Amino acid sequence: MRNVITIANRELSSFFNSLMAYIMLILFLGFSGFFTWLYGSDIFFVKQASLTAFFGIAYWTLFFFIPALTMRLLAEENRSGTIELLLTKPVSNWQVVLGKFTSTLVLIFIALALTIPYYITVSYLGNIDHGAVWSGYLGLLLISAVYISIGIFASSFSTNQIVGYLLALFIGIFFQIIFSLIASGSHGFIGELFNYLSMSVHFESISRGVIDSKDLIYFLSLIFLGLIGTEAVMEKKK
Amino acid sequence: MDIKISNLTKKYGAQRAVDNISFIVKTGEVLGFLGPNGAGKTTTMKAITTYLSPTSAEITVGSFSIDEQAEEIRKCIGYLPENNPLYQDMPVIDYLKFVAKLHGIRKSEVKDRILEMVDLCGLEGEKHKKIIELSKGYKQRVGLAQALIHNPEVLILDEPTAGLDPNQIIEIRKLIKKIGKEKTVILSSHILAEVEATCDRILIINKGKIVADGTSEELKKHAGGAEVIKVKIEDGDVNDIFTALQSIDSVEVVDIFNKNKNTFEIQSKKEHSSKRKVFNLCVEKGWVLTELSPLETKLEDIFRELTLN
């Protein structure tokens, strides 16, 4: 556990030292703020005191931004050879993977925490469903965790960050939208299956304020799969 | 802590990078690993540090085996990998702190250990710089500092003096010798003089196999055998001297070193000496012998002989 924190700390300070963290925070707040308040089907257009518009935007911005954060996590270590330094210290593969996962999740947590003023503002404008807001935030955190875990997995293969980014998007897009498109076009068991695999279905139900164990199991098992895959790739490289 | 390696083999596809090698390194011994590029030095070192899992091997460090107690082994090994990878964006102090924490050094001791390392490796003026801003020599020192920070029982250094200037090389060699008195050290190098100067024992490895193992004296004795002398004979015709030297019965080969200066290199037959005969020859012919010196077999020659085939 101590090693996980040590590694996560190093990664976090690396995010902030390389400006990556600031760029990510500014872009995320800029994008989500613009579409939540100023443009398209924003809050004033919907004319309801709810953060649904924000959650919808954040769902997509996180999808594109998270791979940009995770792409270097292992690819850079593979390229520069620092992975050898790390793994010849009394540190296990799991501690490395979890450390990197935690660091990115903390950064996303900070990004989401900075949008709390949206919530406060909207709650002044009308009667807001507080439960739905909190479970929506929980949903965002969970999908972020899934994409971080996929991103780390994608980053573990290569020494090239761009490969890491594109591969993460490629895997992610299936969960993001393709599975739900397939589900809407098919019936019976296939339809049910792809419906369950689709991230948007689970995210919608959780952002409406329904926290179902079925959804939690879905998110947690995807996170776990990504991490276990990463560990397997690292082990295979030995 | 002794390091014991038996039957280490590592295959990459069909190619054997390391082919069934075995050796033991004892506590207090500095072992030099020599070999041409791609001989398997780095692979062997990576296997000991548990970074690579060998195709087959039994490796123990102290009483720990790499298969079951990898983490215990990593705790007692200080390792400087080839090319010295470092987190370029970190300041030296932060980096050392990071490594110290990973090694589980107690919080109260971390600061002291770091200062000791900064002092030992001569990083005082650079400690607040980012690693990327350092020159190659200083980066190498940071690499050494991180390898030594937890006071490891075993030190594995893959080309520790690469990129250092001559003064730094001498300092690092001194440091390795000092450390080597109590600890087990394995180092690899291309520089033969370095291995000769720092190591108690030399292991020459070629194409994944050990081709020589012993102290530098032992290796020379084995490879040499025949006496080689350099002589300078004046007041005579070069060709006459050459033929006369060749006709001495104990002489195997005569080489003309430098035609103008009448210098010859004479290799005797095995277990024969030609020094006295050369002297007598000169007296007999009235030539003046101005120089006669034995040539030692150099480690370079042994190395070339063993690895060029």
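Values for this structure:
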{"quantity": "Selection count where residues are of a type outside the set (K, R), within 25 Å of A:V91 (Cα to Cα) and either surrounded by 16 or more Cβ atoms within 10 Å (Cβ to Cβ) or without any contact (Cβ under 8 Å) to a residue 40 or more places away in the chain (or both), scope the stretch B:122-150", "calculated": "11"}
{"quantity": "Count of the stretch A:51-105 residues which are in contact (Cβ under 8 Å) with a residue 60 or more places away in the chain, more than 18 Å from A:S13 (Cβ to Cβ) and charged (D, E, K, R)", "calculated": "1"}
{"quantity": "Any hit, the stretch B:226-249, residues being in contact with a strand residue (DSSP E or B) (Cβ under 8 Å, 6 or more places away or on another chain) and under 30 Å from B:A39 (Cβ atoms)", "calculated": "yes"}
{"quantity": "Enumerated strands (runs of 3 or more DSSP E) restricted to the stretch B:1-114, each holding at least 1 residues that are at the interface with chain A (Cβ under 9 Å from one of its Cβ atoms) and surrounded by 20 or more Cβ atoms within 10 Å (Cβ to Cβ)", "calculated": "B:77-80"}
{"quantity": "Boolean, A:Y165 is away from every other protein chain (no Cβ under 14 Å), touching a Pro at 6+ places or on another chain (Cβ under 6 Å) and assigned to a helix (DSSP H, G or I)", "calculated": "yes"}
{"quantity": "Subset of the stretch B:202-217 [touching an Asp or Glu at 6+ places or on another chain (Cβ under 6 Å), over 12 Å from B:I302 (Cβ atoms) and surrounded by 16 or more Cβ atoms within 10 Å (Cβ to Cβ)]", "calculated": "B:L203, B:G208"}
{"quantity": "The stretch B:117-142: number of residues that are more than 27 Å from the chain's Cα centre (by Cα) and in a helix (DSSP H, G or I)", "calculated": "6"}
{"quantity": "Filter result (of a type in the set (S, T, Y) and out of contact with any helix residue (DSSP H, G or I) (no Cβ under 6 Å at 6 or more places or on another chain)) within the stretch A:206-238", "calculated": "A:S213, A:S221"}
{"quantity": "Selection count, the stretch B:151-167, where residues are among the polar types (S, T, N, Q), surrounded by fewer than 20 Cβ atoms within 10 Å (Cβ to Cβ) and either assigned to a loop (DSSP other than H, G, I, E, B) or in contact (Cβ under 8 Å) with a residue 40 or more places away in the chain (or both)", "calculated": "1"}
{"quantity": "Qualifying position, being touching a helix residue (DSSP H, G or I) at 6+ places or on another chain (Cβ under 6 Å) and more than 16 Å from B:V288 (Cα to Cα), among B:S189, B:S274", "calculated": "B:S189"}
{"quantity": "Among the residues listed as A:S180, A:S103, A:S156, the single one being buried (at least 23 other Cβ atoms within 10 Å of the Cβ), of a type outside the set (V, I, T) and more than 14 Å from chain B (Cβ to nearest Cβ)", "calculated": "A:S156"}
{"quantity": "Among the candidates A:L73, A:L85, residue that is crowded, with 22+ Cβ neighbours inside 10 Å and facing another protein chain (nearest Cβ under 9 Å)", "calculated": "A:L85"}
{"quantity": "Count of the stretch A:91-100 residues which are surrounded by fewer than 20 Cβ atoms within 10 Å (Cβ to Cβ) and at the interface with chain B (Cβ under 9 Å from one of its Cβ atoms)", "calculated": "1"}
{"quantity": "Qualifying residue in the stretch A:218-228 (condition: among the aliphatic types (A, V, I, L, M), touching a Leu at 6+ places or on another chain (Cβ under 6 Å), in a helix (DSSP H, G or I) and crowded, with 17+ Cβ neighbours inside 10 Å)", "calculated": "no"}
{"quantity": "Given (1) surrounded by 14 or more Cβ atoms within 10 Å (Cβ to Cβ); (2) farther than 29 Å from B:P166 by Cβ; (3) touching a helix residue (DSSP H, G or I) at 6+ places or on another chain (Cβ under 9 Å), number of the condition B:K220 does not satisfy", "calculated": "(2)"}
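Here is a yes/no grid of residues against (1) closer than 23 Å to B:T215 by Cα; (2) of a type in the set (S, T, Y):
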| site | (1), (2) |
| --- | --- |
| B:K10 | no, no |
| B:Q15 | no, no |
| B:K26 | yes, no |
| B:L34 | yes, no |
| B:K46 | no, no |
| B:Y79 | no, yes |
| B:N84 | no, no |
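Every number in this text was worked out from the coordinates using simple rules, so none of it is lab data. If you're wondering where the values come from, they're calculated on a predicted model, not measured in any experiment. No Cβ is skipped: glycine too gets one built from the backbone with ideal geometry, and neighbour counts run over all protein chains shown.
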